[in-house]
1. Out of the residues in region 62-96 meeting the condition of being of a type in the set (Val, Ile, Thr) and part of a helix (DSSP H, G or I), tell me which one is surrounded by the most Cβ atoms within 10 Å (Cβ to Cβ).
2. Is it true that residue 54 is on the phi > 0 side of the Ramachandran plot and exposed (fewer than 10 other Cβ atoms within 10 Å of the Cβ)?
3. Whether any residue in region 126-133 is polar (S, T, N, Q), surrounded by fewer than 10 Cβ atoms within 10 Å (Cβ to Cβ) and at pLDDT below 60 is what I want to check.
4. Does residue 64 meet the test of being at pLDDT below 95, within 17 Å of the chain's Cα centre (by Cα) and either closer than 17 Å to residue 39 by Cβ or among the acidic types (Asp, Glu) (or both)?
5. Answer yes or no: is there a residue in region 3-15 that is loosely packed, with under 11 Cβ neighbours inside 10 Å, among the polar types (S, T, N, Q) and modelled with pLDDT under 95.
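The values are calculated or read from the model by the stated rules, or taken from the named source; none is laboratory data. Computed from a predicted structure; not experimentally measured. Note that we place each Cβ from the backbone using ideal geometry, even for glycine, and neighbour counts take in every protein chain shown.
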Amino acid sequence: MDVPPGTEVVVVAPATTVDRLFRSRRSGRITVVQRPNAPLLCFLGAVAVRRTVRPTGRTAAWLDTVAGLTLATWATGELVRGVNPWRRILGGSALAVGAVAVVVAGRRSGPSPSAQPPPSDDVNSEPSRRTSCSAGSVVTDAHP
């Protein structure tokens, strides 16, 4: 087939699995990795600080929260707006791994102190005090 110089030739071939997974629906190019966007950069920054500085207490909890939320934001964006099926699979996988990590972390920490039942008003338990006010007088009853 003779093609004049400068003419663009488009060859149509059967789609392969790799082509279907990695071909960008926008540009037509194979897209495996993209330049990181803001949520992914925030996640990477929080993880880098956490690993290098090794903070404790509230700072560590804050960094973990920022890392988790920004990774979830990035993963949701990939799942919803990924340029190809590979990027959508990647986003869905990151969300699934993050959900498992949250569940595992919750099981490790045990029940929170607020989940403990309140003390009972049982007569046989510790003595309780009741205070009542009426017209300026205060009456306190102690039960043995």
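1. Residue satisfying both the conditions and the ranking: 70.
2. yes
3. Looking through region 126-133, at least one residue is polar (S, T, N, Q), surrounded by fewer than 10 Cβ atoms within 10 Å (Cβ to Cβ) and at pLDDT below 60.
4. Taking the combined requirement at face value, the residue satisfies it.
5. Scanning region 3-15 turns up at least one residue that is loosely packed, with under 11 Cβ neighbours inside 10 Å, among the polar types (S, T, N, Q) and modelled with pLDDT under 95.
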